[in-house]
Amino acid sequence: MVDVRTRFAPSPTGFLHIGGLRTALYSYAFAKSKNGKFILRIEDTDQKRLVAGATGKIYEILKKFGIFWDEGPVTGGSFGPYVQSERVSLGIYKQYAEGLVDKGYAYYCFCPPESKEEISERHEQKILKLRDEDCRNLTDEQIHQKLSSGMKSAIRLRVPLKEKISFYDFVLKKDISWNTEDIDEVMLLKSDGFPTYHLAVVVDDWSMGITHIIRGRDWLPSSPVHLLLYRYLGLTIPQIGHLTDILDPEGGKLAKRKGSVSCEEFLADGYLPEALLNFIMLLGWAPKDNREIFSLQEFVENFEKGSLQTANPVFNRKKLDWFNGYYIRQKTDSELVELLKPYALLSFQTAESRSGIYKNTLSKVVPLVKDRITKLSEFQKLAGFIFERSNVDISLFGELPYREHLNKAIEALITIQQFNNSAIQQSLSDLISQNNWKTGDFYMSLRIAISGSRFTPPIVESIEIIGKEETLARLKLLV
């Protein structure tokens, strides 16, 4: 029986996309469900597109979601990932590329390197890189002369003509094939000695013993190139599967131009890692029993019982909010206090300097908002008024007789000796009854005056936390 080994191989060229996290999650769960190994490999051979700090962010994000890799170079007592740029100096990729040239499966190319834009434009126009008229058919003597003159060469794949390349996609559950006339003669080794993605991914997947490759569907067009390389190099082809595209609700693939798509942005916006992970689990995988709530360990345990889907899922933000609200409510109040501190910190600082509200106020506020927020970043909008006075837009009162309400409320509240919930509630109830007011109207006047909003946590409980002196001061500003 083959020991299962999967990998996640991101490029540190920017943020970790939600789709990338899903690929890592499914690869991890597939391996762990079969008692296999999950490998992390950083594919950083495109040195021009590297973003400073992106590699470290990838490690940090994966760890936040509990996705830990199993092996790699030991650094500081723990496994670091494999890094392709570090393997370049070992000569691994150059050896394989030159071996392909020796066998006639690749050739030296002396043409100026194409820009990313030129490659994209050529692909859009479906122009293949068959260089019969220049480098493809150079003689050994011509190659030697060019190299001797100091010309730098790259190595390019030689694609056979009039053949069919195919494989069985174990995720899509079907055979996929290409005619070689439609396959690009891609670069394998650049003139600077760095491999391209195509060569490096095949060499590394083989040398690292990867048995199953799970990747995004955008890599499907690269598959025939990789299949040719496996054949040319005499290597066993791993099982390959391509995941569905995650669609934007408005149509098309989920993309940055339509809003947040990076894991880091979602976490910064107050989504909990366990909620985001649970949501992503169901973007392409379906359990047999329609269950929705899974921890990472439960997902691993149930992975084989469910099935990877072939229909493209839609990124439903309302569903993500539902998951996040659910996980927020599973937290203890003390856990939620710690999670909310970064979002309430500004309020703490201003409140302490202006009105002397103590830091333990947050622990009193959490029970009021716990059932009302769907993400942590909503805390400031919902409950920031408790820590700091808000500017009140008079138009919010509309037709309410708010001055009458507030004047009488001041008279009632000022007489309370023990300023607690029950005393405030009793005093205000008596006031409403005595004046024959509509309860909803009175409390709306009070809510707007205290918070500057028509939507707040329970206003009496909020007033108790704010305190008698500050409550009266706010009401007096509006009468």
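None of the figures in this text is laboratory data; all of them are computed from the coordinates on show. Computed from a prediction, not measured in an experiment: that's the story for all the values here. For neighbour counting, all protein chains shown are included, and Cβ atoms are generated from backbone atoms with ideal geometry for every residue, glycine included.
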Percent antiparallel among DSSP beta bridges with both residues in the chain, to the nearest 5?
-> 60 percent
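Is it possible to state the helix-based mean residue ellipticity at 222 nm for the chain, with each DSSP H run of 4+ residues giving -39500 (n - 2.57), the sum divided by total residues, to the nearest 500 deg cm²/dmol? What is it?
Details: 20 runs with 212 residues, N = 479.
So the helix-based figure for the chain works out to -13000 deg cm²/dmol.
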Quick one: what are the phi-derived ³J(HN,Hα) couplings along the stretch 30-47, Karplus 6.51/-1.76/1.60 with θ = phi - 60°, whole Hz, x for glycine and proline?
-> 4, 5, 5, 5, 10, 6, x, 10, 10, 10, 10, 9, 8, 9, 10, 6, 8, 5
In order over the stretch 20-26: 3J(HN,Hα) from phi, Karplus 6.51/-1.76/1.60, θ = phi - 60°, whole Hz, x for each Gly or Pro, gives x, 4, 4, 4, 4, 4, 5
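Can you sort 332, 374, 456 by how many other beta carbons sit within 10 Å, fewest first? Before the final figure, lay out the partial values.
Working: 332 10, 374 18, 456 21.
The fewest-first ordering by Cβ neighbours comes to 332, 374, 456.
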May I ask for the angle, rounded to the nearest 10°, between helix 317-330 and the longest principal axis of the chain, with both axes built from Cα atoms and the value confined to 0 to 90°?
-> 60 degrees
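Say a site is exposed when it is one of the GluC sites (Glu not before Pro), sits in a DSSP loop, and has at most 16 other Cβ atoms within 10 Å; what is then the longest site-free stretch of the chain? Please list the in-between numbers first.
Numbers: sites that count: 71, 114, 133, 163, 250, 292, 399.
For GluC sites (Glu not before Pro) (loop position, at most 16 other Cβ atoms within 10 Å), the longest site-free span of the chain is 293-398.
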How large is the charge dipole for the chain, taken about the Cα centre, if only the Cβ atoms of Lys, Arg (+1) and Asp, Glu (-1) carry charge, to the nearest 20 debye?
-> 400 debye
Qualifying trypsin sites (Lys or Arg not before Pro) for the stretch 443-479 [loop in DSSP, other Cβ within 10 Å: at most 13] | 454
Using alpha carbons only, how many degrees (0 to 90, rounded to 10) separate the axis of helix 92-102 from the longest principal axis of the chain?
-> 40 degrees
Between the stretch 150-188 and the stretch 22-69, what's the alpha-carbon centroid distance in Å?
-> 26 Å
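Can you give the local net charge around residue 441? Use residues other than it whose beta-carbon is closer than 15 angstrom to its beta-carbon, Lys and Arg +1, Asp and Glu -1. If you can, show how the numbers build up before the last one.
Working: positive: 403, 408, 438, 447, 454; negative: 399, 404.
Value of the local net charge: +3.
If we count every other residue with Cβ under 15 angstrom of residue 61's Cβ, Lys/Arg +1 and Asp/Glu -1, where does the sum land?
Numbers: positive: 22, 57, 63, 64; negative: 60, 264, 265, 269, 274.
Spelling it out: positives minus negatives among the neighbours equals -1.
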Using Cα-only point scatterers and the Debye equation, what is log10 of I(q)/I(0) for the stretch 92-243 at each q in 0.16, 0.20 Å⁻¹, rounded to two decimals?
-> -0.93, -1.40
With a 4.7 Å Cβ cut-off, tell me which Cys residues in the chain come up empty for a partner.
-> 111, 263
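With 10 angstrom as the radius, rank 3, 169 by how many other C-beta atoms surround their C-beta, starting from the fewest. Numbers along the way, then the final one.
Values: 3 11, 169 17.
In increasing order of surrounding Cβ atoms, one gets 3, 169.
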The exposure ranking of 205, 44, fewest beta-carbon neighbours within 10 Å first, is 44, 205
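Normalised by the residues of the chain, what does the relative contact order come to in percent, with Cα pairs under 8 Å and at least six apart?
Details: 682 pairs, mean separation 59.6, N = 479.
Normalised by residue count, the contact order of the chain is 12 percent.
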Would you mind checking 381/408; 152/253; 103/173; 253/288; 438/468; 57/375 for any pair whose Cα atoms are more than 30 angstrom apart?
-> 152/253; 103/173
With a Cα-only, solvent-free Debye model of the chain, what are the log10 I(q)/I(0) values at q = 0.07, 0.09 Å⁻¹?
-> -0.54, -0.75
If amide H atoms are built 1.01 Å from N in the plane of the peptide, which residues on other chains or at least 5 residues away come under 5 Å of the amide H of residue 106?
-> 101, 158
C-alpha long axis of helix 421-435 to longest principal axis of the chain, angle in ° | 60 degrees
